[in-house]
Structures are given as structure tokens and as C-alpha cells.
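Coordinate-derived values only; no laboratory data. Every value quoted in this text rests on a predicted model; they were computed, and no experiment measured them. Heads up, the Cβs are rebuilt from the backbone with ideal geometry, glycines too, and the neighbour counts pull from every protein chain shown.
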Amino acid sequence: MSVAETSPVGSRVNAGAPLLEVEDLVVTYPVRRTLVAAARHVPRTSVHAVDGVSFSVKTGEMVALVGESGCGKTTTAQAVLRLVTAQSGAIRFQGQDISAMSSTDLRPLRRRMQMIYQDPYESLDPRFRVRQAVEEPLLIHDIGGSKEERHQRVMDAMRRAELNPPELFADRYPHELSGGQRQRVAIAASLVLEPNLLVADEPVSMLDVSVRAGVLTLLDGLRSRGDMGILMITHDLSTAAHFADRIIVMYLGRIVEEGPAREVVRNPQHPYTRALLSVVPRRDPREQVTPQILVGETPNPVNIPSGCRFHPRCPAAEDRCKTIDPALVDAGPDHHAACVLVGEGAAR
Amino acid sequence: MTEALLDVRDLHVWFDLPHGAELHAVQGVSFSLEPGDRLGLVGESGCGKTTTILAVMGLLPPSASVAGQVILNGQDIMLGAEQTVRPHRWKDIAMVFQGAMNALNPVKTVGSQIVEPMVLHEVAEGAAAKTRAGELLELVGIPAASAARFPHEFSGGMRQRAAIAMALACEPKLLLADEPTTALDVMVQAQILDLLIRLTDDLGLTMLLVTHDLPVVAQVCERAAVMYAGRIAETGPMDTLFHDPRHPYTRLLFAATPDLYGEGDVVSIPGSPPRLDHRIEGCAFRDRCDKAFERCVAETPALLEVAGGHRAACHLNDLNGEGAA
């Protein structure tokens with residue numbers, strides 16, 4: 001099977017239709033029982049790392065999944081790529097539900113969904129030259145044709161990752177590259193498979209500030225030019241605000257707010273989103289706002305609070321929040337938030 | 001003018017490399033802190049910011065050699081190397097590190113680790129030291145009873161608080177904070193920054209905050225020094241650095257930093273910093289600079305005053321003065 005035969009015809013046919021659709025995704029992890037508990041047949045418990053999450057990514061779109069550690073954003077991304085198994089829910093990639101697909105059936109789809117990791121210092125094999133690192137995925141998936149054809153694909157992928165001219169970088173080793181260049185090599189190694197979906201997990205957090213923008217602009221260009229959608233996991237709201245089309249804010253395994261990036265940042269509806277935005281340090285010393293600092297840290301998902309899971313830390317919590325577990329409701333055009341106060345005009 | 005608490009003058013640090021080579025990590029850095037100041041030392045990895053504060057603390061590895069002066073309260077504490085620094089380390093100058101887990105001993109209770117420097121510097125001992133450890137924990141927002149717990153029982157934010165309590169054990173005058181919030185979530189970062197601001201405001205503590213994160217400095221510090229390739233490129237009030245930068249690196253670094261409500265493009269700086277194991281002729285930033293000219297190749301710009309308390313190391317300031325960067 002050559003790449004040409006399987007190139008992303010599907011996404012062109014489904015133009016506008018979601019590339020990725022996640023519906024009511026639940027991912028649980030078992031909690032280890034102590035030996036004594038096991039001997040006493042204490043029932044096994046599990047942690048709901050992701051607890052009923054639905055969203056979609058369209059071709060040409062960059063969606064940012066934001067939240068603090070433990071909110072379930074990385075687990076969500078891993079479940080999308082079937083790196084962890086979902087307890088329930090549907091994951092439709094180009095219309096096909098992959099959540100229960102066998103690994104044999106999944107294999108041809110894998111190359112269309114690629115992951116970019118946080119640390120380009122660890123994701124590249126130090127013994128591989130750049131061209132070998134970029135070629136490796138072709139060999140693993142047994143595609144790319146003859147040696148010459150593969151070489152051509154490798155050079156093309158490097159060009160698309162803006163490692164220009166590719167000849168200059170092809171024979172280098174990772175240690176001869178800067179952090180930004182390494183991340184571009186990792187991106188080239190994904191692009192060589194001509195994926196339709198890129199999942200980027202904190203793609204620039206290990207890089208120096210001066211080169212971050214370059215890598216993000218590269219991703220931005222890839223999705224707007226090619227047949228590609230990007231799901232970016234980040235803790236950095238400023239980055240999400242700048243580069244993403246949509247922002248999904250997660251808290252304790254749930255989506256608390258989602259909508260167009262501009263709307264979520266400028267007109268946040270959920271008290272958690274508002275608090276989170278208020279503590280993001282601003283570049284301009286004159287524009288610092290009084291941070292709305294929440295006490296404590298994200299609770300352990302083993303003990304999820306009753307009602308709204310944010311209520312113990314919520315500055316706007318009312319009595320009813322202890323019992324009502326709010327669903328996502330309309331909070332504006334294409335904008336949703338999960339708070340009982342949304343729409344009551346009292347959320348502010 | 002108030003007497004400077006810390007005055008670093010023409011600090012140089014070299015690291016020995018294999019095969020007789022040398023890395024000139026810090027190339028003549030000078031800055032001073034008055035009591036109660038919060039100064040940010042900003043720059044990217046390898047710019048020499050951490051090396052600078054390790055030199056102030058006298059914590060550089062044996063492969064490093066230093067030159068210059070580190071004057072604390074009028075006394076050069078670098079003069080006699082370890083002998084002259086040791087009495088001040090943790091007592092007058094304390095440090096908070098980036099990875100709080102690495103700063104804490106995993107097999108000792110948090111309380112005993114706070115007591116340790118007090119005993120060492122004969123600040124307090126026995127029951128008095130224990131009581132004080134509890135008070136310090138309360139001060140940083142941890143219940144005093146947690147003194148009996150071990151670091152692994154703490155969350156990341158709690159550990160960083162404990163590390164701050166430990167640094168405050170001997171009532172230092174100067175706190176050096178090296179990327180104190182880098183590994184933390186944004187809400188926990190806000191809590192720690194708020195704590196650091198409170199400590200400096202309430203206790204009159206002086207702080208040198210080392211970070212790569214310009215917005216964090218913008219929020220916490222009145223003044224900053226931007227470092228590049230072992231030198232200070234520009235220093236002045238944070239507000240001036242943002243609104244009237246006089247070094248292209250400062251301007252470009254701000255332009256590369258995304259802002260929550262920013263409208264303009266975020267643009268990266270092409271290229272990468274020069275290697276510091278070779279002598280750099282001319283301006284170290286010229287290859288990445290969008291305003292470089294002939295003089296930048298030949299002559300290393302000195303850090304010169306462009307306005308009161310605002311200094312920049314850029315030849316453009318000689319050309320036209322106004323808005324050079």
C-alpha cells in the first residue's frame with residue numbers, strides 16, 4: 001500500500017465534517033488496593049480520570065485542551081490515540097468509531113493520527129541522524145515505496161517542518177540541534193506519514209521563549225494549509241488564546257467551558273475559567289489584574305466532590321451547587337459552560 | 001541614596017571544559033539591590049542567569065572560576081571564596097530552587113529540615129527551633145502540624161512553600177529565587193508568587209527572581225535585568241523595558257511572548273544564542289538582531305545609561321537616542 005493510494009481522500013470528501021468526534025468519553029484507572037484490603041475482598045475502586053467528555057476537531061482547526069495537572073487533558077488525548085483504553089464513549093475518527101476497534105483494524109488509521117510530545121530531547125533517538133529519525137515511521141508502517149521515494153518523502157516532510165534546506169539537517173544528530181530544531185524534527189517525523197490529525201502535548205513548553213512562537217506558527221500553518229486538524233494540550237492559556245481556534249477548559253475530568261478561543265478568553269462564563277484567566281501573568285506590567293487566587297489545589301479524582309465538582313473552590317458557589325452537577329449549556333454562539341449560574345446573569 | 005544590600009560588580013564566571021577549553025558563562029555582570037527591592041533576572045537557557053546567582057551564593061562547582069565582587073552590606077563575600085561566603089549562606093542570603101523536590105531531603109521530615117539551618121547557624125535550637133519551624137510553615141500557608149510530615153506527602157505547591165519556609169529559617173535579608181514556579185500549575189504559581197510578594201512587602205525581604213518568564217517578572221518585580229549570552233543586555237524599571245525597550249533583544253523577547261489578550265502576531269527570534277566557549281567579537285546578539293549594522297560586528301556595546309535607572313548595551317542608542325530598539 002503506498003501513501004498515494006491512502007492519502008487523505010476521506011477528509012476532502014467530508015470537508016467541514018468533524019475529523020475527530022469524541023462523545024461521552026470515560027477513562028478510568030484502577031486504584032491499587034492494599035494487600036489487606038484485597039484479602040478482605042474490599043471491592044476495587046477506580047479513578048475517573050476523564051468523566052464524560054465530548055468535543056470535536058474539524059479539519060483545518062486547532063483546538064486547545066487546557067487545564068491544570070490532573071484535569072484529564074493528557075488522558076483525553078491518549079484515549080483519542082488509543083494509547084489508553086476508554087471505559088466507555090465513542091471516538092470517531094473520519095466517521096469511524098475507533099474506540100473498540102481491534103489493533104489490526106486500527107493500524108492503518110494510526111499513521112493518520114500522530115502525536116507530538118513535550119520533550120524533543122527525549123522523543124528523538126540520540127543515535128539516529130535526522131533523516132533516519134524522519135524515515136523511521138515510514139519503515140515501521142511499511143509505506144513510502146522505494147528508497148528514493150522514501151528519501152523524497154523525508155525531504156518533503158523536513159521542508160514542511162521548516163528545516164530548510166533539508167540537506168543541511170539530514171545528516172546531523174539530535175545533539176547538534178537546538179531545542180526548536182529538534183521539535184521540528186519530531187514534527188517532520190509525524191508529517192512524513194501525512195497525518196490528518198496531530199495531537200500535540202505541550203509542544204513548546206520545554207523550548208526557549210524566543211523559539212516557541214516559531215514552532216507554534218509552524219503548527220498554525222500546517223493546519224490552515226493542509227488536510228489537518230490539531231488537538232493541542234497545553235497549560236498555557238496565553239498560547240491557547242493566540243493560536244487555537246477553540247479552547248476547551250477541563251477541571252477534574254470534565255469540560256467546564258468550551259467555545260471560540262476569543263470568546264472563552266474575553267467573555268469567560270465559568271467561574272473556574274475566570275479564575276484561571278485572572279492568574280495568567282501579563283506581559284505589560286501596567287495590565288496586571290488582581291489575581292483571583294483559588295485556595296488549595298485540584299482535588300484528588302479519587303474523592304470527587306458532590307454536585308458541581310468545582311464548588312468547594314468556587315468563589316461564586318451557592319447551596320444548590322453542592323447537589324446539582326451542572327451540564328454544559330449554551331453560553332453564547334458556539335460557546336458552552338457547565339455552571340448553574342450561566343444564563344442567570346449572576347455568573348459574574 | 002540608600003545603601004545597597006547586594007552589589008554585584010563585574011562578575012565573571014568561567015567553566016573548565018575538557019581539552020583545556022573554557023566556557024565564559026558570565027561576562028562582566030553588575031547589578032545592585034537595595035533593601036526591599038524585587039529585581040528580576042530574565043533570560044533564556046544558557047544566558048548565565050542561574051550561574052550568576054550560584055556565584056552570589058558561592059555554590060558553583062569546582063570546575064568554575066570566578067572574578068569580580070559580590071558585596072553584601074559593604075563587604076566583599078567572594079574575596080575569600082568559601083571562607084567568606086559560608087557565614088552568610090542561608091543566614092543572610094537564602095535560595096529557593098526550581099525543583100522543590102530536589103531541595104528537600106526525602107527521608108527527613110519537613111520540620112527537621114527547617115530546624116537544621118537554624119541549629120547550624122546558631123539562630124535557635126531545641127524546642128525554640130521547633131516552634132519557629134511551625135511558625136515559618138504557618139507563614140507560608142502550611143499548617144504547623146505538617147512539620148512532622150515527609151516531602152512526598154506534600155503536593156508540588158506545598159513542597160515549594162516548604163522550601164521557602166526553609167530558606168526563611170535564619171531570617172535572611174536576601175532571597176534568591178531560581179525559577180520558583182516553573183514546574184507548577186498556573187493557579188499554584190499564582191499562590192506562590194502572591195506569597196513571595198507578601199513576604200517581601202511584609203518582612204522587608206529583598207528578592208532576586210531568576211526566570212525565563214517575562215510575564216512573571218512583569219507581575220512581581222519593579223525592576224529587571226535582561227541577560228543574553230552572559231551579559232546584561234538591558235536593565236531598568238519593568239514598565240520601561242516593556243514600553244520603551246532600548247535593546248532589540250528585549251523588544252523581540254516581548255514580541256515572542258504570547259499575551260492573553262494580545263492582538264499582534266507572536267514572532268520568534270531567528271537563530272540561536274552564540275556559544276560561549278569562543279571569544280565573541282562585537283555584539284553577541286548581532287546575528288539575530290533585526291537592526292544590526294557595521295559597528296555591531298567590530299565593537300562590543302557597553303551597558304550605558306539611556307535614562308535614569310535605565311541602561312542598555314546597544315550601539316543604536318548612540319545613533320539616535322530616541323526609541324532606538
- prompt: Nearest 20 debye, what's the magnitude of the dipole of the stretch A:3-244 about its Cα centre given +1 on Lys and Arg Cβ and -1 on Asp and Glu Cβ?
  reply: 440
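Looking at the square roots a ≥ b ≥ c of the eigenvalues of the Cα gyration tensor of the stretch A:71-132, which shape do they give, rounded for a/c under 1.5, prolate if a/b is larger than b/c, or oblate? Walk me through the intermediate numbers first.
Numbers: a/c = 2.91, a/b = 1.64, b/c = 1.77.
Verdict is oblate for the stretch A:71-132.
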statement: Taking only the alpha carbons of the stretch A:105-241, the radius of gyration and the largest Cα-Cα distance, Dmax, both in angstrom, are 14.1, 44
- line: Rounded to the nearest 5, the percent of DSSP beta bridges in chain B running antiparallel is 60
query: Which Rg and Dmax, in Å, describe the Cα atoms of the protein assembly as shown?
result: 26.7, 82
field: the stretch A:199-348, dipole about Cα centre (Lys/Arg Cβ +1, Asp/Glu Cβ -1), debye to the nearest 20
entry: 280
- request: Among A:Val130, B:Val306, rank each residue by its count of other Cβ atoms within 10 Å, from fewest to most, as a rough exposure measure.
  value: B:Val306, A:Val130
- line: In whole percents, the bins of 10 Å from zero upward hold the Cα-Cα pairs of chain A as 5, 23, 30, 24, 13, 4, 0
message: Give me the dipole magnitude in Debye, nearest 20, for the protein assembly as shown about the Cα centre, with unit charges on the beta carbon: positive for Lys and Arg, negative for Asp and Glu.
response: 1460
- line: Rounded to the nearest 5, the percent of DSSP beta bridges in chain A running antiparallel is 60
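Quick check on the stretch A:167-326: take the gyration tensor over C-alpha atoms, sort the square-rooted eigenvalues as a ≥ b ≥ c, and tell me if it's rounded (a/c under 1.5), prolate or oblate.
Values: a/c = 2.38, a/b = 2.00, b/c = 1.19.
Prolate is the answer for the stretch A:167-326, as a/c is 1.5 or above and a/b outweighs b/c.
I want to verify the translational diffusion coefficient of chain B in µm²/s; compute it with Stokes-Einstein, Rh as the Kirkwood radius over Cα pairs, at 25 °C and 0.890 mPa s. List each step's numbers first, then the result.
Working: Rh = 20.8 Å.
Stokes-Einstein gives a translational diffusion coefficient of 118 µm²/s.
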task: Quick one: which residues, 5 or more positions from B:Gly40 or on another chain, have an amide H under 5 Å from its amide H? H modelled 1.01 Å from N in the peptide plane, none for Pro or chain starts.
output: B:Leu209, B:Arg223, B:Ala224, B:Ala225
field: Separation of alpha-carbon centers, the stretch B:283-315 and the stretch B:150-184, rounded to whole Å
entry: 37
message: Explain nothing, just compute: Karplus ³J(HN,Hα) = 6.51 cos²θ - 1.76 cosθ + 1.60, θ = phi - 60°, for every residue of the stretch A:285-301 in order, whole Hz, x for Gly and Pro.
response: x, 6, 9, 5, 9, 5, x, 9, 7, 7, 7, x, 10, 3, x, 5, x
message: Just to be sure I understand the model, the point goes 7 Å from the Cα along the line to the Cβ. What's the resulting B:Glu82 to B:Ala21 distance in nm?
response: 2.9
- prompt: If you plug each phi of the stretch B:208-213 into the Karplus form 6.51 cos²θ - 1.76 cosθ + 1.60 with θ = phi - 60°, what whole-Hz ³J(HN,Hα) values come out, in order, with x for Gly and Pro?
  reply: 10, 9, 9, 7, 8, 9
- request: Note down the net charge around B:Leu316, summing +1 for each Lys or Arg and -1 for each Asp or Glu among other residues with Cβ under 9 Å from its Cβ.
  value: +1
message: Could you work out [θ]222 nm for chain B from helices alone, using -39500 (n - 2.57) per DSSP H run of at least four and dividing by all its residues? Round to the nearest 500 deg cm²/dmol.
response: -8500 deg cm²/dmol
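Give, as a single signed number, the net charge of other residues whose beta carbon lies under 12 Å from the beta carbon of A:Val215, with Lys and Arg counted +1 and Asp and Glu -1. Intermediate values should be presented prior to the final figure.
Values: positive: A:Arg182, A:Arg184, A:Arg212; negative: A:Glu162, A:Glu202, A:Asp208, A:Asp220.
After counting each charged neighbour, the total is -1.
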message: In the stretch B:16-116, if the dipole is taken from +1 on Lys/Arg beta carbons and -1 on Asp/Glu beta carbons about the Cα centre, which of B:Ser63, B:Gln113, B:Ile93 is farthest to the positive end?
response: B:Gln113
statement: Between B:Val26 and residues 5 or more places away or on another chain, the pairs with built amide H atoms under 5 Å apart involve B:Val13
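For A:288-299, what's the mean count of beta carbons from other chains sitting within 10 Å of each residue's beta carbon?
Details: counts 4, 2, 0, 8, 2, 7, 4, 3, 5, 9, 4, 0.
Going residue by residue through A:288-299 and averaging, the value is 4.
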Given charges at Cβ of Lys, Arg, Asp, Glu: the protein assembly as shown dipole, positive-most of A:Ala161, B:Gln27, A:Ile98: A:Ile98
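Quick check on chain A: helices-only [θ] at 222 nm, where DSSP H runs of length 4 and up contribute -39,500 (n - 2.57) each and the sum goes over total residues. Nearest 500, please. Show your work: numbers first, answer last.
Details: 13 runs with 111 residues, N = 348.
The helix contribution divided over chain A gives -9000 deg cm²/dmol.
Find out how many positive minus negative residues lie around B:His212, taking Lys and Arg as positive, Asp and Glu as negative, among other residues whose Cβ is under 12 Å from that of B:His212.
Counting the neighbours of B:His212, the net charge comes to -3.
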- request: When a/c is below 1.5 the answer is rounded, else prolate if a/b is larger than b/c, else oblate, so apply that to the stretch A:245-348 with a ≥ b ≥ c taken from the square roots of the Cα gyration tensor eigenvalues.
  value: oblate
- line: In whole Å, largest first, the alpha carbons of the stretch B:133-256 cover along the principal axes 51, 27, 24
